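Report on the structure given below.
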Amino acid sequence: MKVSEYVDALEEAGRGLAEAAARAGVDAEVPTCPGWRVRDLLRHTAAVHRWAAKHVVERHASYQEGDGETGLDGEALVAHYRESHAALVGALRAAPEDLDVWTFLPAPSPLAFWARRQAHETAVHRVDAEAALGAEPAPVSPGFAADGVSELLAGFHARDRSRVRVPEPRALRFRATDTGDAWTVRLSELPPVTEHHPAGGAGLPGPVDAEAAAPAGTLYLALWNRLPASALTATGDPEPLRLWHELSAV
């Protein structure tokens with residue numbers, strides 16, 4: 001995806017999040033984030049947006065602490081979130097293509113990293129705000145969803161922080177039934193290793209212990225723990241998939 005497409009997705013998701021949060025009210029529980037109410041969701045996401053914008057605008061070459069979460073509440077908190085989101089969108093649109101700042105996942109460029117990460121961060125939290133309303137989540141476009149699966153599997157879970165470890169090697173495959181993308185994830189005592197197989201690419205590597213398949217949008221939300229594992233069609237040994245869902249929360 002292009003940087004501009006990520007920023008467009010971020011803008012749309014952030015507006016949807018604010019609208020759902022305003023309708024639900026700050027006291028509403030967020031069932032997809034146990035223990036949170038909408039005020040917690042807004043405070044967290046606003047702080048993340050401001051932290052990201054700080055790196056982009058101030059051109060920080062190393063990790064910087066954020067300014068923390070606001071103590072605002074009610075309508076003032078919703079307005080604060082809208083301002084934080086708009087500031088991040090504006091910062092990314094104004095940033096030069098050769099932006100050189102700190103990042104924490106592989107990406108074609110630092111600008112692409114921040115646009116991608118914040119687009120997916122906000123898309124997932126939009127689902128949380130919609131869950132507080134008791135509404136079905138807004139559809140996630142297949143291409144964007146497949147990109148988010150790649151970021152999660154080959155980005156987040158490639159890091160030493162990933163808790164998905166098993167004593168004996170196992171292999172999983174996740175497959176998007178609409179886009180044709182597939183991801184082979186090899187588990188061991190080390191962080192998972194993921195190979196992405198784009199639609200139309202070469203044949204998939206050898207057999208795996210288990211596979212989970214669904215349209216890309218469903219796969220995306222299930223892997224981010226916003227839909228239950230039962231939303232996926234699973235085949236093979238259920239144990240590796242059970243371990244994945246138990247250990248993979250980011």
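The values are calculated or read from the model by the stated rules, or taken from the named source; none is laboratory data. This is a predicted model, so every value here is computed, not measured. All Cβ positions, even for glycine, are placed from backbone atoms using ideal geometry, and neighbour counts span all protein chains on display. Protein only, heavy atoms only, side chains kept; ligands, DNA and RNA dropped before computing areas. Shrake-Rupley method; radii C 1.70, N 1.55, O 1.52, S 1.80 Å.
Before moving on, here are some points about what is shown:
- If you go through segment 187-214 and keep only what is in contact (Cβ under 8 Å) with a residue 24 or more places away in the chain, open to solvent by less than 20 Å² (accessible area, probe 1.4 Å) and over 14 Å from Ala234 (Cα atoms), you end up with Leu187, Pro192.
- Annotation note: Cβ proximity below 6 Å between a residue of segment 101-113 that is farther than 13 Å from Glu151 by Cα and a residue that is of a type in the set (Ser, Thr, Tyr) and open to solvent by 30 Å² or more (accessible area, probe 1.4 Å) (sequence gap 6+ or interchain) occurs for Trp102/Ser62; Trp102/Tyr63; Pro110/Thr103.
- Considering (1) modelled with pLDDT under 95; (2) crowded, with 19+ Cβ neighbours inside 10 Å, the lone condition that Pro139 does not fulfil carries the number (2).
- Yes/no for Thr184 being in contact (Cβ under 8 Å) with a residue 40 or more places away in the chain and either over 27 Å from Val3 (Cα atoms) or polar (S, T, N, Q) (or both): no
- Members of segment 48-94 that are out of contact with any helix residue (DSSP H, G or I) (no Cβ under 7 Å at 6 or more places or on another chain), farther than 20 Å from Asp8 by Cα and of a type in the set (A, V, I, L, M): Ala61, Ala76, Ala79
- Filtered residue count, segment 165-184, keeping only those that are in contact with a Pro (Cβ under 7 Å, 6 or more places away or on another chain), of a type outside the set (D, E, K, R) and either surrounded by fewer than 20 Cβ atoms within 10 Å (Cβ to Cβ) or closer than 22 Å to Ala119 by Cα (or both): 3
- Scanning segment 55-113 for residues being hydrophobic (A, V, I, L, M, F, W, C), open to solvent by 70 Å² or more (accessible area, probe 1.4 Å) and in contact with a Lys or Arg (Cβ under 9 Å, 6 or more places away or on another chain) gives a total of 1.
- Flag for Ala22 being modelled with pLDDT of 95 or more, within 19 Å of Glu130 (Cα to Cα) and among the hydrophobic types (A, V, I, L, M, F, W, C): yes
- Looking across segment 215-235 at every residue that is out of contact with any Pro (no Cβ under 9 Å at 6 or more places or on another chain) and small (Gly, Ala, Ser), the one that is surrounded by the fewest Cβ atoms within 10 Å (Cβ to Cβ) is identified as Ser230.
- For segment 153-189, a residue qualifies if it is out of contact with any Asp or Glu (no Cβ under 9 Å at 6 or more places or on another chain), in a loop (DSSP other than H, G, I, E, B) and of a type in the set (Gly, Ala, Ser), and the qualifying residues are Ser162, Gly180.
- Selection status of Ala222, outside any strand (DSSP E or B) and modelled with pLDDT of 95 or more: yes
- Meets criteria (of a type in the set (D, E, K, R) and surrounded by 15 or more Cβ atoms within 10 Å (Cβ to Cβ)) for Glu151: yes
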